[in-house]
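The values are calculated or read from the model by the stated rules, or taken from the named source; none is laboratory data. It should be emphasised that the depicted structure is a prediction, and the values quoted were computed from it without experimental measurement. With ideal geometry, Cβ positions are generated from the backbone for all residues, glycine too; neighbour counts draw on all protein chains shown.
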Amino acid sequence: MTETLTINIHRSPVSRLGELDPANIEFGKLFSDHMFAVDFVNGEWQEPQIVPYGDMAVSPANSALHYGQAIFEGMKAYRTAQGGVALFRPLDNLLRLNASAERMCMPALPEELFMQGLTQLVRLDAAWVPEAADTALYIRPFMFATDGLLGVRPSDTYRFMIITCPVGAFYNKPLRVRFEEKYVRSAEGGAGYAKNAGNYGAAMYPTKLAQQQGYNQLIWTDASEHRYVEESGTMNAIFVINNRIITPALSSSILDGITRRSVLQLARDWGMPVEERKVSTHEIIEALQTGTLQEAFGVGTAATIAPITAIGYEGHDYELAAVDNSAFSRRAAAALQAIRTGEAEDSHRWMVEV
Ligand SMILES: *Cc1c(COP(=O)(O)O)cnc(C)c1O
(Lines give C-alpha, C1' and ligand atoms only; values in the text may rest on other atoms or scores of the structure.)
Protein backbone atom coordinates (compact mmCIF):
# COMPACT_ATOMS: atom_id res chain seq x y z
CA MET A 1 0.00 0.00 0.00
CA THR A 2 1.37 3.41 -0.91
CA GLU A 3 1.66 6.07 1.74
CA THR A 4 -0.51 8.82 0.37
CA LEU A 5 -1.76 10.06 3.71
CA THR A 6 0.72 11.83 5.98
CA ILE A 7 0.43 10.76 9.57
CA ASN A 8 2.36 12.66 12.22
CA ILE A 9 4.44 10.10 14.08
CA HIS A 10 5.80 10.82 17.56
CA ARG A 11 7.94 7.84 18.34
CA SER A 12 8.17 6.50 21.84
CA PRO A 13 11.72 7.11 23.15
CA VAL A 14 11.76 3.68 24.77
CA SER A 15 10.06 0.39 23.91
CA ARG A 16 8.15 -1.63 26.52
CA LEU A 17 8.55 -4.80 24.44
CA GLY A 18 10.99 -6.16 27.04
CA GLU A 19 8.07 -6.39 29.50
CA LEU A 20 6.39 -8.99 27.27
CA ASP A 21 6.76 -12.65 28.22
CA PRO A 22 5.82 -14.37 24.94
CA ALA A 23 5.07 -17.62 26.77
CA ASN A 24 2.53 -15.98 29.12
CA ILE A 25 0.54 -13.32 27.34
CA GLU A 26 -2.53 -12.16 29.22
CA PHE A 27 -5.13 -10.86 26.74
CA GLY A 28 -5.53 -7.10 26.58
CA LYS A 29 -3.12 -6.21 29.36
CA LEU A 30 0.15 -5.10 27.79
CA PHE A 31 -0.26 -2.76 24.83
CA SER A 32 2.17 -2.08 21.99
CA ASP A 33 4.33 1.06 22.12
CA HIS A 34 2.17 3.29 19.93
CA MET A 35 -1.45 4.23 19.29
CA PHE A 36 -3.25 5.97 16.44
CA ALA A 37 -5.60 8.90 17.08
CA VAL A 38 -7.57 11.31 14.94
CA ASP A 39 -10.19 13.83 16.04
CA PHE A 40 -13.40 14.80 14.28
CA VAL A 41 -14.01 18.54 14.78
CA ASN A 42 -16.10 21.06 12.82
CA GLY A 43 -17.51 18.29 10.65
CA GLU A 44 -14.08 17.10 9.48
CA TRP A 45 -11.44 14.57 10.40
CA GLN A 46 -8.34 16.45 11.57
CA GLU A 47 -4.63 15.58 11.30
CA PRO A 48 -4.06 11.94 12.21
CA GLN A 49 -1.34 11.14 14.75
CA ILE A 50 0.60 8.14 15.92
CA VAL A 51 1.81 8.77 19.48
CA PRO A 52 3.25 6.71 22.36
CA TYR A 53 0.57 4.52 23.99
CA GLY A 54 -0.69 6.10 27.18
CA ASP A 55 -3.46 7.78 29.14
CA MET A 56 -5.19 10.82 27.70
CA ALA A 57 -7.43 13.62 28.92
CA VAL A 58 -11.15 13.65 28.04
CA SER A 59 -13.98 15.85 29.29
CA PRO A 60 -15.79 14.29 32.27
CA ALA A 61 -19.01 15.37 30.52
CA ASN A 62 -18.42 13.48 27.26
CA SER A 63 -21.45 11.55 26.10
CA ALA A 64 -19.53 8.31 25.57
CA LEU A 65 -19.21 8.11 29.37
CA HIS A 66 -22.78 9.23 30.09
CA TYR A 67 -24.87 7.94 27.19
CA GLY A 68 -22.73 5.28 25.59
CA GLN A 69 -21.91 6.96 22.30
CA ALA A 70 -18.98 4.63 21.71
CA ILE A 71 -18.26 1.88 19.18
CA PHE A 72 -15.37 -0.50 18.54
CA GLU A 73 -13.93 -3.15 16.28
CA GLY A 74 -11.79 -6.22 16.92
CA MET A 75 -9.35 -7.61 14.37
CA LYS A 76 -5.93 -9.26 14.15
CA ALA A 77 -2.60 -9.02 12.33
CA TYR A 78 -0.70 -12.26 11.76
CA ARG A 79 2.93 -13.03 11.15
CA THR A 80 3.21 -14.87 7.84
CA ALA A 81 5.38 -17.85 6.95
CA GLN A 82 7.22 -15.50 4.58
CA GLY A 83 8.22 -13.26 7.52
CA GLY A 84 5.77 -10.44 6.79
CA VAL A 85 2.73 -9.20 8.67
CA ALA A 86 -0.79 -9.36 7.25
CA LEU A 87 -4.25 -8.21 8.30
CA PHE A 88 -7.35 -10.42 7.96
CA ARG A 89 -10.23 -8.81 6.02
CA PRO A 90 -9.61 -5.26 7.34
CA LEU A 91 -12.05 -3.60 4.95
CA ASP A 92 -14.82 -5.75 6.38
CA ASN A 93 -14.03 -4.23 9.78
CA LEU A 94 -14.15 -0.73 8.31
CA LEU A 95 -17.56 -1.35 6.70
CA ARG A 96 -18.89 -2.66 9.99
CA LEU A 97 -17.36 0.22 11.96
CA ASN A 98 -19.16 2.63 9.68
CA ALA A 99 -22.44 0.70 9.99
CA SER A 100 -22.06 0.90 13.78
CA ALA A 101 -21.23 4.62 13.48
CA GLU A 102 -24.39 5.28 11.50
CA ARG A 103 -26.55 3.49 14.09
CA MET A 104 -24.98 5.56 16.89
CA CYS A 105 -25.18 8.93 15.03
CA MET A 106 -21.40 9.09 14.67
CA PRO A 107 -19.40 10.15 11.59
CA ALA A 108 -18.15 7.61 9.05
CA LEU A 109 -14.42 7.04 8.82
CA PRO A 110 -12.93 7.33 5.31
CA GLU A 111 -11.26 4.17 4.00
CA GLU A 112 -7.89 5.81 3.51
CA LEU A 113 -7.74 7.16 7.06
CA PHE A 114 -8.62 3.75 8.47
CA MET A 115 -6.29 1.73 6.26
CA GLN A 116 -3.34 4.11 6.54
CA GLY A 117 -3.74 4.47 10.30
CA LEU A 118 -3.91 0.71 10.64
CA THR A 119 -1.03 -0.19 8.36
CA GLN A 120 1.33 2.54 9.54
CA LEU A 121 0.65 1.73 13.21
CA VAL A 122 1.11 -2.02 12.74
CA ARG A 123 4.26 -1.45 10.68
CA LEU A 124 5.75 0.80 13.38
CA ASP A 125 4.99 -1.78 16.09
CA ALA A 126 5.69 -4.83 13.91
CA ALA A 127 8.10 -6.18 16.56
CA TRP A 128 5.01 -6.65 18.77
CA VAL A 129 3.42 -9.16 16.37
CA PRO A 130 4.27 -12.46 18.10
CA GLU A 131 5.92 -15.28 16.17
CA ALA A 132 4.71 -18.50 17.75
CA ALA A 133 2.02 -20.63 16.13
CA ASP A 134 -1.57 -19.43 16.72
CA THR A 135 -0.50 -16.06 18.14
CA ALA A 136 -1.40 -12.66 16.68
CA LEU A 137 -1.48 -8.95 17.28
CA TYR A 138 -4.99 -8.03 18.43
CA ILE A 139 -6.12 -4.69 17.02
CA ARG A 140 -8.78 -2.57 18.68
CA PRO A 141 -10.09 0.36 16.60
CA PHE A 142 -12.69 2.45 18.46
CA MET A 143 -14.53 5.76 18.27
CA PHE A 144 -16.16 7.80 21.02
CA ALA A 145 -17.91 11.13 21.57
CA THR A 146 -15.75 13.93 22.94
CA ASP A 147 -18.07 16.94 23.42
CA GLY A 148 -17.97 18.21 27.01
CA LEU A 149 -21.73 18.70 27.18
CA LEU A 150 -24.36 16.81 29.14
CA GLY A 151 -27.25 17.45 26.76
CA VAL A 152 -28.70 14.23 25.37
CA ARG A 153 -27.94 14.58 21.69
CA PRO A 154 -25.25 13.30 19.36
CA SER A 155 -21.88 14.84 20.10
CA ASP A 156 -20.44 17.27 17.56
CA THR A 157 -16.88 16.01 18.11
CA TYR A 158 -15.38 12.50 18.20
CA ARG A 159 -12.07 10.71 18.48
CA PHE A 160 -11.15 7.60 16.52
CA MET A 161 -8.25 5.55 17.86
CA ILE A 162 -6.45 2.27 17.32
CA ILE A 163 -4.57 0.42 20.06
CA THR A 164 -2.96 -3.02 19.69
CA CYS A 165 -1.76 -5.83 21.96
CA PRO A 166 -0.11 -9.19 21.37
CA VAL A 167 -2.26 -12.28 22.04
CA GLY A 168 -0.92 -15.73 22.82
CA ALA A 169 -1.98 -19.09 21.50
CA PHE A 170 -4.81 -20.06 23.76
CA TYR A 171 -6.21 -23.47 24.18
CA ASN A 172 -9.91 -23.30 23.36
CA LYS A 173 -11.33 -25.12 26.35
CA PRO A 174 -14.70 -26.58 25.30
CA LEU A 175 -17.47 -24.37 26.69
CA ARG A 176 -20.42 -25.29 28.86
CA VAL A 177 -23.24 -22.94 27.89
CA ARG A 178 -26.96 -22.63 28.55
CA PHE A 179 -29.85 -21.09 26.68
CA GLU A 180 -30.76 -17.74 28.25
CA GLU A 181 -34.53 -17.40 28.55
CA LYS A 182 -34.95 -14.40 30.81
CA TYR A 183 -32.45 -11.70 29.85
CA VAL A 184 -31.72 -10.47 26.32
CA ARG A 185 -28.57 -9.18 24.68
CA SER A 186 -30.35 -7.51 21.86
CA ALA A 187 -33.85 -7.05 20.42
CA GLU A 188 -35.15 -6.67 16.86
CA GLY A 189 -34.92 -2.98 16.06
CA GLY A 190 -32.27 -2.40 18.72
CA ALA A 191 -28.56 -1.82 18.24
CA GLY A 192 -27.39 -5.42 18.58
CA TYR A 193 -26.02 -5.57 15.03
CA ALA A 194 -23.73 -2.64 15.86
CA LYS A 195 -20.52 -3.10 17.81
CA ASN A 196 -21.43 -0.48 20.36
CA ALA A 197 -20.00 -0.47 23.85
CA GLY A 198 -23.35 -0.60 25.67
CA ASN A 199 -24.25 -4.01 24.25
CA TYR A 200 -21.34 -5.45 26.19
CA GLY A 201 -22.03 -3.64 29.45
CA ALA A 202 -25.62 -4.89 29.50
CA ALA A 203 -24.56 -8.50 28.80
CA MET A 204 -22.25 -8.73 31.81
CA TYR A 205 -24.90 -9.33 34.49
CA PRO A 206 -26.75 -12.25 32.82
CA THR A 207 -23.35 -13.73 31.92
CA LYS A 208 -22.23 -13.43 35.54
CA LEU A 209 -25.37 -15.25 36.70
CA ALA A 210 -24.72 -18.09 34.23
CA GLN A 211 -21.14 -18.32 35.44
CA GLN A 212 -22.30 -18.52 39.04
CA GLN A 213 -24.37 -21.55 37.94
CA GLY A 214 -21.26 -23.21 36.55
CA TYR A 215 -21.56 -22.29 32.88
CA ASN A 216 -18.83 -20.52 30.90
CA GLN A 217 -21.19 -18.59 28.69
CA LEU A 218 -24.77 -18.40 27.59
CA ILE A 219 -26.57 -18.72 24.30
CA TRP A 220 -28.80 -15.71 23.81
CA THR A 221 -32.30 -16.28 22.48
CA ASP A 222 -34.65 -13.85 20.73
CA ALA A 223 -36.09 -11.04 22.82
CA SER A 224 -39.79 -11.61 22.11
CA GLU A 225 -40.23 -15.38 22.53
CA HIS A 226 -36.92 -16.81 23.76
CA ARG A 227 -37.45 -19.54 21.18
CA TYR A 228 -34.73 -18.88 18.66
CA VAL A 229 -30.97 -18.90 19.01
CA GLU A 230 -29.24 -15.54 18.57
CA GLU A 231 -25.56 -15.68 19.51
CA SER A 232 -23.22 -17.47 21.88
CA GLY A 233 -21.81 -14.95 24.36
CA THR A 234 -19.95 -12.39 22.27
CA MET A 235 -19.60 -14.80 19.35
CA ASN A 236 -21.86 -15.98 16.55
CA ALA A 237 -23.23 -19.50 16.97
CA ILE A 238 -22.89 -22.29 14.41
CA PHE A 239 -24.25 -25.86 14.60
CA VAL A 240 -23.54 -28.95 12.54
CA ILE A 241 -26.60 -31.20 12.26
CA ASN A 242 -26.54 -34.20 9.91
CA ASN A 243 -23.50 -32.72 8.13
CA ARG A 244 -25.36 -29.48 7.45
CA ILE A 245 -23.94 -26.17 8.66
CA ILE A 246 -26.75 -24.31 10.42
CA THR A 247 -26.61 -20.80 11.85
CA PRO A 248 -29.10 -18.08 12.78
CA ALA A 249 -29.74 -15.73 9.84
CA LEU A 250 -28.50 -12.17 10.29
CA SER A 251 -31.00 -9.63 11.61
CA SER A 252 -30.95 -6.29 13.39
CA SER A 253 -30.35 -8.18 16.65
CA ILE A 254 -27.40 -10.28 15.47
CA LEU A 255 -23.91 -8.97 14.86
CA ASP A 256 -22.56 -9.73 11.37
CA GLY A 257 -19.34 -11.46 12.41
CA ILE A 258 -16.43 -11.63 9.99
CA THR A 259 -15.37 -15.00 11.40
CA ARG A 260 -18.94 -16.29 10.86
CA ARG A 261 -18.87 -15.05 7.27
CA SER A 262 -15.46 -16.65 6.68
CA VAL A 263 -16.38 -20.02 8.21
CA LEU A 264 -19.60 -20.18 6.15
CA GLN A 265 -17.56 -19.37 3.02
CA LEU A 266 -15.17 -22.26 3.76
CA ALA A 267 -18.15 -24.61 4.21
CA ARG A 268 -19.53 -23.52 0.84
CA ASP A 269 -16.07 -23.90 -0.74
CA TRP A 270 -16.04 -27.47 0.56
CA GLY A 271 -19.47 -28.17 -0.91
CA MET A 272 -21.24 -28.47 2.43
CA PRO A 273 -24.87 -27.35 2.71
CA VAL A 274 -25.15 -24.07 4.63
CA GLU A 275 -28.44 -22.92 6.14
CA GLU A 276 -28.80 -19.36 7.42
CA ARG A 277 -32.25 -19.31 9.01
CA LYS A 278 -34.10 -19.28 12.30
CA VAL A 279 -32.74 -21.99 14.62
CA SER A 280 -35.02 -22.85 17.52
CA THR A 281 -33.82 -24.03 20.91
CA HIS A 282 -36.17 -27.01 20.47
CA GLU A 283 -34.47 -28.00 17.23
CA ILE A 284 -31.09 -28.01 18.98
CA ILE A 285 -32.36 -29.95 22.01
CA GLU A 286 -34.08 -32.48 19.77
CA ALA A 287 -30.90 -32.91 17.73
CA LEU A 288 -28.99 -33.42 20.98
CA GLN A 289 -31.49 -36.06 22.11
CA THR A 290 -31.51 -37.94 18.81
CA GLY A 291 -27.75 -37.69 18.41
CA THR A 292 -27.80 -35.70 15.17
CA LEU A 293 -26.13 -32.60 16.62
CA GLN A 294 -22.52 -33.26 15.66
CA GLU A 295 -20.98 -29.92 16.62
CA ALA A 296 -21.84 -26.59 18.22
CA PHE A 297 -19.38 -23.73 18.43
CA GLY A 298 -18.97 -19.99 18.75
CA VAL A 299 -17.04 -18.01 16.13
CA GLY A 300 -15.33 -14.65 16.61
CA THR A 301 -12.01 -12.89 16.14
CA ALA A 302 -10.72 -13.45 19.68
CA ALA A 303 -10.93 -17.27 19.82
CA THR A 304 -11.67 -17.96 16.10
CA ILE A 305 -13.65 -21.10 17.00
CA ALA A 306 -14.76 -21.98 20.53
CA PRO A 307 -16.22 -25.51 20.73
CA ILE A 308 -19.28 -26.11 22.92
CA THR A 309 -19.32 -29.31 24.95
CA ALA A 310 -22.60 -28.98 26.87
CA ILE A 311 -25.84 -27.00 26.52
CA GLY A 312 -28.11 -26.37 29.49
CA TYR A 313 -31.86 -26.11 28.94
CA GLU A 314 -34.64 -26.06 31.53
CA GLY A 315 -32.35 -27.29 34.26
CA HIS A 316 -30.86 -30.19 32.29
CA ASP A 317 -27.35 -30.25 30.78
CA TYR A 318 -27.10 -31.98 27.43
CA GLU A 319 -23.59 -33.18 26.62
CA LEU A 320 -22.16 -33.14 23.09
CA ALA A 321 -19.95 -35.93 21.80
CA ALA A 322 -16.23 -35.04 21.70
CA VAL A 323 -14.92 -34.06 18.27
CA ASP A 324 -11.64 -35.02 16.59
CA ASN A 325 -9.55 -33.30 13.91
CA SER A 326 -11.93 -34.45 11.16
CA ALA A 327 -14.73 -32.30 12.64
CA PHE A 328 -15.84 -29.34 10.56
CA SER A 329 -14.97 -26.82 13.29
CA ARG A 330 -11.41 -28.18 13.60
CA ARG A 331 -10.89 -28.21 9.85
CA ALA A 332 -12.29 -24.69 9.50
CA ALA A 333 -10.05 -23.37 12.30
CA ALA A 334 -6.99 -24.99 10.71
CA ALA A 335 -7.90 -23.71 7.23
CA LEU A 336 -8.35 -20.14 8.50
CA GLN A 337 -5.05 -20.31 10.35
CA ALA A 338 -3.24 -21.55 7.21
CA ILE A 339 -4.68 -18.69 5.15
CA ARG A 340 -3.71 -16.14 7.81
CA THR A 341 -0.12 -17.29 7.97
CA GLY A 342 0.24 -17.55 4.20
CA GLU A 343 0.65 -21.34 4.33
CA ALA A 344 -2.48 -21.91 2.26
CA GLU A 345 -3.70 -20.17 -0.85
CA ASP A 346 -5.76 -17.06 -0.09
CA SER A 347 -8.31 -17.68 -2.84
CA HIS A 348 -10.80 -15.11 -1.52
CA ARG A 349 -8.12 -12.40 -1.09
CA TRP A 350 -8.80 -11.99 2.60
CA MET A 351 -5.25 -11.03 3.61
CA VAL A 352 -3.78 -7.54 3.31
CA GLU A 353 0.00 -7.20 3.80
CA VAL A 354 1.10 -4.21 5.85
C1 LIG B 1 -17.54 -8.83 17.51
C2 LIG B 1 -18.72 -9.72 17.75
C3 LIG B 1 -18.85 -10.97 17.14
C4 LIG B 1 -17.79 -11.59 16.27
O5 LIG B 1 -17.44 -10.84 15.16
P6 LIG B 1 -16.06 -11.11 14.41
O7 LIG B 1 -16.03 -10.12 13.31
O8 LIG B 1 -16.09 -12.50 13.93
O9 LIG B 1 -14.99 -10.91 15.43
C10 LIG B 1 -20.03 -11.69 17.36
N11 LIG B 1 -21.00 -11.22 18.16
C12 LIG B 1 -20.89 -10.03 18.79
C13 LIG B 1 -22.00 -9.57 19.66
C14 LIG B 1 -19.75 -9.24 18.60
O15 LIG B 1 -19.66 -8.07 19.23
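Across region 222-242, the qualifying residues are those that are touching a residue at least 60 places away in the same chain (Cβ under 8 Å) and more than 14 Å from the chain's Cα centre (by Cα), and the one among them that is farthest from the ligand (Cβ to nearest atom) is Val240. Restricting to region 38-87, name every residue that is among the small types (Gly, Ala, Ser) and either within 16 Å of the ligand (Cβ to nearest atom) or more than 27 Å from Gly198 (Cα to Cα) (or both). Listed by number, the residues that qualify are Gly68, Ala70, Gly74, Ala77, Ala81, Gly83, Gly84, Ala86.
Evaluation of Ala287 against the conditions (1) surrounded by 12 or more Cβ atoms within 10 Å (Cβ to Cβ); (2) within 30 Å of Lys76 (Cβ to Cβ); (3) not charged (D, E, K, R) shows that the sole unmet condition is (2).
Residue check: Met351 meets all listed conditions (1) farther than 20 Å from Leu87 by Cβ; (2) in contact (Cβ under 8 Å) with a residue 60 or more places away in the chain; (3) surrounded by 18 or more Cβ atoms within 10 Å (Cβ to Cβ) but one, namely (1). Close Cβ contacts (under 6 Å, 6 or more residues apart or on different chains) running from residues in region 14-33 that are within 18 Å of Tyr171 (Cβ to Cβ) to residues that are of a type outside the set (Gly, Ala, Ser) and in a loop (DSSP other than H, G, I, E, B) comprise Pro22/Pro130. Looking only at region 243-262, which residues are away from the ligand (no atom under 13 Å from the Cβ) and surrounded by fewer than 21 Cβ atoms within 10 Å (Cβ to Cβ)? Result: Asn243, Arg244, Ala249.
To keep it simple, each residue is scored yes or no on (1) farther than 18 Å from Phe328 by Cβ; (2) within 15 Å of the ligand (Cβ to nearest atom); (3) not aliphatic (A, V, I, L, M).
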site: Leu264; (1), (2), (3): no, yes, no
site: Arg268; (1), (2), (3): no, no, yes
site: Lys278; (1), (2), (3): yes, no, yes
site: Thr281; (1), (2), (3): yes, no, yes
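Listed by first and then second residue, the pairs with beta-carbon distance under 6 Å, at least 6 apart or on different chains, first residue in region 60-89 and within 21 Å of Phe114 (Cα to Cα) and in the same structural domain as Ala136 (by TED's automatic domain parsing), second part of a loop (DSSP other than H, G, I, E, B) and among the acidic types (Asp, Glu), are Arg79/Glu131.
Of all residues in region 140-158, those that are under 11 Å from His66 (Cα atoms) and modelled with pLDDT of 95 or more have Cβ atoms under 7 Å from Cβ atoms of residues that are surrounded by fewer than 18 Cβ atoms within 10 Å (Cβ to Cβ) and among the aromatic types (Phe, Trp, Tyr), 6 or more apart or on another chain, in Val152/Tyr67. Of the strands (runs of 3 or more DSSP E) contained entirely in region 37-156, those carrying at least 2 residues that are over 24 Å from Arg260 (Cα atoms) fall at 49-52, 136-145.
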